[in-house]
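The values are calculated or read from the model by the stated rules, or taken from the named source; none is laboratory data. Keep in mind the model is a prediction, meaning the values are calculated, not measured. Cβ: placed from backbone, ideal geometry, glycine included. Neighbour counts: every protein chain shown.
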Amino acid sequence: MKHTHSMPFGASLLAEGGTQFRLWAPTQSRVSLERVDGDKADAFAMTPDAAGWHTLTLPDAAAGTRYRYRLPDGLAFPDPASRRNPDGVHEASEVVDPQAYAWQDDAWKGRPWHEAVIYELHIGTFTPEGTFAATQARLPELVALGITAVELMPLAAFPGARGWGYDGVLQYAPYAGYGTPTELKSLVDAAHALGLMVLIDVVYNHFGPEGNYLHAATPQFFNPAHQTPWGAAINYDGKDARTVRDFFVHNALYWIEEYRFDGLRMDAVHAIRDDSRPSIVAEVCAALRDGPGRDRHVHVVLENDLNEAHKLERDDDGRPLTATAQWNDDLHHAAHVMLSGETDGYYADYAQRPVTQFALALAQGFLYTGQPSVFRNGEPRGEPGRQLAPNAFVSYLQTHDQVGNRAFGERIDALADPVMVHAARACVLLSPHTPMLFMGEEYAARTPFQYFCDFGPELAAAVAKGRREEFGRFGAFADEAVRARIADPNSEAPFHESTLKWDERDRAPHALALAQTTKMLAVRQAELMPRWSGRSELAHWSCDNDAPQLRWSLTDRNGATSQLHLLANFGTAPLRIPRPNGRAIYAEHADDNGTSDSELTLQPGAIWAAVEESVRGQ
């Protein structure tokens, strides 16, 4: 099977042979296309039209042809819709034949969202090789762990030899340092053969600061009426916004249709400046739902600091009206304070009764549903979300952000009591939320995940200086000597130190952590996934003596109902509590065979889960 996404942007191979090139640049009276062959470049004048499109067809241009555009002032730049830029974001683009790859996943229809167990990874540091091919070779181990969805950090081409990917500038070109388009397609194809969904992280709130030539070539891509930390916002709602919106809608469809991804994770949608209705977020979601989503499961996960519950609403049949789910930073922050005791920065909002807040986040998802935020100087944050399904929340103890934005990139396993960390992780993995692990978390990896990049000299110096100044606001880094220990993110050291050490899994204490995580995910798959294939109600919950007790009512697709009981003890002393009804499915540091069958003893760090059957149709 062959898959191509047709779009008005970029280079398109023609059925009769040759390639058509299209660039939208309304302010440019003339644009030349240069066909590049080594040091030689042949220039061809493109034909402009009244709508601002510059078009050229070269009958002898085939897959592999290198090309770039040049403006009358001499500026040369790659295609903003390049499908491949093998030599970096400043060099020539390459014509790609989307139909060169023969897909083997014809029967793949994706997986429903209630089956999602997500594993976030960064291609460059997931393996020593840092490539698509090396990641593909590790997929069977993720399946054995119990993962059902892999989420790849951004792949859009970014500058330099290393980076997180959030400074991408060529939205359609997979970063060449990771491999070819064919190798990325092979990775997705192999994942599908193993039953794995693959999500891709996309950044539609800004372009990176280096290698973005659109300011010069097509300033219509930006709206100076909206200013952001990156300068003028992407133009989703100003003059000429329709073509800009089309560029990003096509990009979303491109990743889903041409690369067969199963969904998107949309980065920081709260940073998108867009006063239009429907918003660009809603338009992207609708395009995926009404397009490829008609024939297979396609999901959209948001990162949204605004906690906008209306973007996560379901229809009467439980289908998302806009997005499928949202990253649940509220739960993470409460868990982090509970486990580490840190209350600097945004953790100040979770400093009071963090165990209770963690329990509440498990019960209802968002913690901030309109309350004033201390960290935001009393500004209200969030919308009421009690009507939302539990699996609308992607919950976790770690992400690339929450680890990598620390000064030294420490993971929670290096900061807190491992018994308590395990109990918190169990609460996430055994809840009806959509759980996510950050690469290496399954075996309590001790490798840090630091911020790293590879900008040009002037920008590199500014980034290194700005990062140290940013941490200077925190009490722990008030001393300039301490700040000086923060690594220069442009050096190679943070990148290499962040690469997973896979041999850790075979050594204590990592082997135990891996076994525990595997066991929990096996319980989730066997005992819990079938029970919440329909809907789940908000939990009944309490949290006395730092011991969360939660109960969810679950309904499967056939109408059978059941109760899920989840108990934990994050206190310092054993607790004896009434034993909930039901059959225990997971227990650690908990004794339900003590002096009485009606009592349960929870040691510090205990976790206990049970299911209670109900009557079909009730």
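The one condition from (1) under 24 Å from Gly605 (Cβ atoms); (2) buried (at least 23 other Cβ atoms within 10 Å of the Cβ); (3) of a type in the set (S, T, N, Q) that Thr399 does not meet is (2).
Being within 36 Å of the chain's Cα centre (by Cα), without any contact (Cβ under 8 Å) to a residue 40 or more places away in the chain and either more than 21 Å from Leu170 (Cα to Cα) or surrounded by fewer than 19 Cβ atoms within 10 Å (Cβ to Cβ) (or both) is a property that Arg66 lacks.
For every residue, the table says whether it meets (1) hydroxyl-bearing (Ser, Thr, Tyr); (2) out of contact with any helix residue (DSSP H, G or I) (no Cβ under 8 Å at 6 or more places or on another chain); (3) within 30 Å of Ile585 (Cβ to Cβ).
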residue: Val482; (1), (2), (3): no, no, no
residue: His496; (1), (2), (3): no, yes, no
residue: Leu500; (1), (2), (3): no, no, no
residue: Ala513; (1), (2), (3): no, no, yes
residue: Val523; (1), (2), (3): no, yes, yes
residue: Met529; (1), (2), (3): no, no, yes
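Out of region 163-198, which residues are within 17 Å of the chain's Cα centre (by Cα), farther than 22 Å from Pro128 by Cα and assigned to a strand (DSSP E or B)? Passing the criteria: Gln171, Met197.
I'm trying to understand the selection: among the residues of region 341-362, which are touching a residue at least 40 places away in the same chain (Cβ under 8 Å) and either hydroxyl-bearing (Ser, Thr, Tyr) or not in a loop (DSSP other than H, G, I, E, B) (or both)? The answer is Gly345, Val355, Thr356, Phe358, Ala359, Leu360, Leu362. Here Thr447 meets each of (1) surrounded by 23 or more Cβ atoms within 10 Å (Cβ to Cβ); (2) under 26 Å from Tyr175 (Cβ atoms); (3) in contact with a Lys or Arg (Cβ under 8 Å, 6 or more places away or on another chain) with one exception, condition (1). Of Tyr178, Tyr213, Tyr172, all but one fail to be under 30 Å from Asp105 (Cα atoms) and in contact (Cβ under 8 Å) with a residue 60 or more places away in the chain; the exception is Tyr172.
Is it the case that some residue within region 70-82 is over 30 Å from Leu187 (Cβ atoms), in a strand (DSSP E or B) and among the small types (Gly, Ala, Ser)?
Step one: filter region 70-82 for residues over 30 Å from Leu187 (Cβ atoms), giving 70-76.
Those still in the list that are in a strand (DSSP E or B) too: 70, 76.
Still in the running and among the small types (Gly, Ala, Ser): 76.
Taking every residue of region 70-82 in turn, at least one turns out to be over 30 Å from Leu187 (Cβ atoms), in a strand (DSSP E or B) and among the small types (Gly, Ala, Ser).
Taking residues in region 38-52 that are in contact (Cβ under 8 Å) with a residue 60 or more places away in the chain and within 12 Å of Leu23 (Cβ to Cβ), and partners anywhere that are part of a loop (DSSP other than H, G, I, E, B) and of a type in the set (Ser, Thr, Tyr), the pairs with Cβ atoms closer than 9 Å and at least 6 places apart or on different chains are Gly52/Thr27; Gly52/Thr218.
Can you confirm whether region 183-191 contains a residue that is within 24 Å of Gln450 (Cα to Cα), modelled with pLDDT of 95 or more and not polar (S, T, N, Q)? Among the residues of region 183-191, not one is within 24 Å of Gln450 (Cα to Cα), modelled with pLDDT of 95 or more and not polar (S, T, N, Q), which makes the answer no. Of all residues in region 282-327, those that are in contact with a Cys (Cβ under 7 Å, 6 or more places away or on another chain) and part of a loop (DSSP other than H, G, I, E, B) total 2.
Within region 172-188, restricting attention to residues that are surrounded by fewer than 20 Cβ atoms within 10 Å (Cβ to Cβ) and not hydroxyl-bearing (Ser, Thr, Tyr), the residue that is farthest from Ser93 (Cα to Cα) is Glu183. Of the candidates Ala92, Ala76, the single residue that is closer than 25 Å to Phe158 by Cβ, in contact with a Lys or Arg (Cβ under 7 Å, 6 or more places away or on another chain), surrounded by 20 or more Cβ atoms within 10 Å (Cβ to Cβ) and not assigned by TED's automatic domain parsing to the domain that holds Leu187 is Ala92.
Residue-by-condition table, conditions (1) modelled with pLDDT of 95 or more; (2) assigned to a loop (DSSP other than H, G, I, E, B); (3) within 32 Å of the chain's Cα centre (by Cα):
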residue	(1), (2), (3)
Met1	no, yes, yes
Pro8	yes, yes, yes
Ala11	yes, no, yes
Gly17	yes, yes, no
Gln20	yes, no, no
Gln28	yes, yes, no
Leu33	yes, no, no
Val36	yes, no, no
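When Gly163 is tested against (1) of a type outside the set (Val, Ile, Thr); (2) buried (at least 23 other Cβ atoms within 10 Å of the Cβ); (3) under 30 Å from Leu512 (Cα atoms), exactly one condition is not met: (3).
Is there a residue in region 127-147 that is in a strand (DSSP E or B), within 15 Å of Tyr259 (Cβ to Cβ) and polar (S, T, N, Q)? Checking region 127-147: not a single residue is in a strand (DSSP E or B), within 15 Å of Tyr259 (Cβ to Cβ) and polar (S, T, N, Q). Hey, does region 113-123 have a residue that's surrounded by fewer than 21 Cβ atoms within 10 Å (Cβ to Cβ), among the hydroxyl-bearing types (Ser, Thr, Tyr), more than 30 Å from Ser32 (Cα to Cα) and touching a residue at least 12 places away in the same chain (Cβ under 8 Å)? The answer is no; no qualifying residue exists. Taking the criterion of being loosely packed, with under 14 Cβ neighbours inside 10 Å and not in a loop (DSSP other than H, G, I, E, B), the residues of region 363-388 that qualify are Pro372, Glu379, Pro380.
Taking region 88-107, which residues are out of contact with any strand residue (DSSP E or B) (no Cβ under 9 Å at 6 or more places or on another chain) and either closer than 30 Å to Gly64 by Cα or among the charged types (D, E, K, R) (or both)? So that I can check it myself, show each step before the final result.
So the first thing to find is which residues in region 88-107 are out of contact with any strand residue (DSSP E or B) (no Cβ under 9 Å at 6 or more places or on another chain), and the list is 100-107.
Those that are out of contact with any strand residue (DSSP E or B) (no Cβ under 9 Å at 6 or more places or on another chain) and either closer than 30 Å to Gly64 by Cα or among the charged types (D, E, K, R) (or both): Ala100, Tyr101, Ala102, Trp103, Gln104, Asp105, Asp106.
On the stretch given as region 308-328, residues that are in contact (Cβ under 8 Å) with a residue 60 or more places away in the chain and either buried (at least 24 other Cβ atoms within 10 Å of the Cβ) or farther than 14 Å from Gln387 by Cβ (or both) total 6.
Among the residues of region 564-586, those identified as of a type in the set (S, T, N, Q) and surrounded by fewer than 22 Cβ atoms within 10 Å (Cβ to Cβ) are Thr572, Asn581.
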